[in-house]
Every structure is written in C-alpha cells, then in structure tokens.
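Beneath this line is the structure, given in structure tokens, with notes to follow.
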Amino acid sequence: MTGRLTILGLGPFGPDQTTPEAATALNEADEVFGYATYLARVTPRAGQKLHASDNREEIDRARAALVAASQGHRVVVVSSGDPGVFAMASAVFEAIDTGEPAWRSLDVVVLPGVTAMLAAAARFGAPFGHDFCAINLSDNLKPWSLIEQRLAAAAGAGFAMALYNPVSKARPSQLTAAFRLLSSHLAPETLVMFALAVGDKAHEHLQVSTLREAPEQQADMRTIVLIGTASTRSIERPSGRPFIYTLRHAL
Ligand code: SAH
C-alpha cells in the first residue's frame, strides 16, 4: 500500500498557530477529511479535495479517510488544536483496530498541534506550572456520573484542570453543576479562568474569576475553562489584566 494518512491538528484558531510541519502536510495532501467547522479553516489548493462531515460522524469519517489512503491517496484528517486531544486521532486508530486488516500496513502519522488548554494557559500566564489534568465535560461519550467522579478525584488530588467542552446547547447547566461539585473540594477563592475563542482576534475573550463567582460568568462551546489550585496566584497589574501562575512547588 502506497497511501499515506496524516492526522494533524490545526491549532486553536489561526494559521499562525498551526505548526509549519502540519501546514506542509496539509499542502501535500490530495484528500482532506474533517468536521466542516475545522475544514472551513483550510484553503484548498488546486487539485485538493475537501470532505466535510458532521461532528458526530467521527468513525465514519475515519473509515472514509482510511479507504482513500488505501487507494493510494495522500490523505489528511484535520482536528482543531491537537488531533490526539478529544479529537480524530483516536477515532482513526479505533477504525484501524476494528476494520480492514490491510489498514494496519498503511503509513499513518500523527502530527501534534497546540491544544486549546495550552493556548489558553499561555494567554493567562502559567497556570499549569505544576501538575494538571484535562477533563472533557461533554457527556456524549461517557456518563455524567463518571465526569463528577473525575472532577472530585482531580480536585481532591490538587490538580489544576482544563475543562474542555464546558457547555453546549444540549447541556446548558453542566458547567454550573461542575462548579458546585468543585466547591465542595476547593476554596471559594480558587482562581477560575475562562478563555473564549483563543486566537480568533475578533471574538477572543479572557476572564479571570474565582470559584465563588464562576457560575455568573458566560461560557459557550468555544470556551475552555481552567481551574487553578491552592498554589495558583494572581499578580494584579495596572492594566487590570492580571498574570496568573501556579507555583513550581506544591504547598
Ligand atoms: N482537539 C481540540 C479539542 C477539541 S474539543 C484541542 O486540542 O484543542 C472542543 C473544545 O476545545 C471546545 O469546546 C473548547 O472547550 C476547546 N477549544 C477548542 N478551540 C478553542 C479555542 N480557540 N479557544 C478556547 N477553547 C477552545
């Protein structure tokens, strides 16, 4: 089999946050697969075919990409951020694991991207200077009870957290429920950071709050929420925009 399948992340938003390695692979592809919203960020070059699909069709999209690669095409599957973080890389490997034996011989490469939590953390300063974890608040692929269990365990263990997919139209109140649960493990003055549309100059919005006041803040599907720890500090500044950092040593 001569086809190649590259799974890459475009970064959080604009082309300046896409790695040169990913941009080169994208340019070399003749077939590009992805969720329509992410494909909208790709300007196809002449002769390149884009295959947009719905967000809920991950495995079908992965199989279609594998079929195209096994026909000899240079195929790219795109995700936003990093392709291995709540994104397409796992779906492609699951499709290989459960699909055609010949797919195991394909040349499959994963290229990393800047994931939302790291792009957001950099905007605030260095909230992830000590141990941290990422939790997806969507209960599309796991029960809410498991999300609660993981939030409680992470808070109990003193991890800073990045909460991906904090809300959607179908799940308007889960972020508030998450804050309520975290409040039983963390101090009310724990710093909570909201980063909306990082990298999108027209819409980016950053807000620093506390666990006490967090439920009053706005968040949507393009927001990532970062939760600090007892070692997370705010450096107030004349501009009103503080630097947030977490001590390199645990208290
Ligand atoms: N693979 C992606 C994550 C996909 S899950 C990555 O590595 O970043 C989608 C969630 O990521 C969104 O609901 C939001 O919580 C977060 N996200 C993605 N892009 C973002 C951005 N530019 N700004 C803030 N959050 C973002």
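Coordinate-derived values only; no laboratory data. Everything numeric in this text was worked out from a predicted model, so none of it was measured. So basically every Cβ, Gly included, is an ideal-geometry build from the backbone, and we count neighbours across all protein chains shown.
Quick look at the values:
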item: Mean Cα-pair separation over length for the stretch 4-114, i.e. relative contact order, pairs under 8 Å, 6 or more apart, %; result: 44 percent
item: Calculated [θ] (222 nm, deg cm²/dmol) that DSSP helices of n ≥ 4 give over the chain, each run adding -39,500 (n - 2.57); result: -8000 deg cm²/dmol
item: Length released on extending from ASP131 to ALA102, taking residue separation times 0.36 nm less the Cα-Cα span; result: 6.4 nm
item: Modelled FRET efficiency - R0 22 Å, GLN207 with THR43, Cβ distances, 0.05 increments; result: 0.10
item: Pair MET221, THR19: separation of 7 Å Cα→Cβ label points (nm); result: 2.7 nm
item: Beta bridges by DSSP in the chain, antiparallel share as percent, to the nearest 5; result: 45 percent
item: Full-stretch length increase - ARG233, ASP30 - with 0.36 nm per residue and alpha-carbon distance subtracted; result: 68.3 nm
item: Kirkwood-based Rg to Rh ratio, the chain, C-alpha trace; result: 1.01
item: Over the chain, relative contact order from alpha-carbon pairs under 8 Å, at least 6 apart, %; result: 20 percent
item: Where Rh is the Kirkwood radius over Cα pairs, Rg/Rh for the stretch 4-114; result: 0.93
item: Extended-chain gain in nm, criterion 0.36 nm per residue less alpha-carbon gap, ALA177 and ALA250; result: 23.5 nm
item: Separation of the ALA187 and SER90 label points, Cα + 7 Å toward Cβ, nm; result: 3.4 nm
item: For the stretch 154-251: rounded, prolate or oblate by the Cα gyration tensor [a/c cutoff 1.5]; result: oblate
item: Rounded tilt (10° steps) of 174-183 against the dominant C-alpha axis of the chain; result: 40 degrees
item: Kirkwood Rh and Cα Rg combined as Rg/Rh, the stretch 166-210; result: 1.05
item: Equivalent ellipsoid dimensions for the stretch 126-200 as semi-axes, Å, which come from the Cα gyration tensor, largest first; result: 19, 17, 12
item: Mean Cα-pair separation over length for the stretch 23-63, i.e. relative contact order, pairs under 8 Å, 6 or more apart, %; result: 41 percent
item: Peptide ranges 232-239, 71-78 listed from the most packed, as the mean C-beta count within 10 angstrom indicates; result: 71-78, 232-239
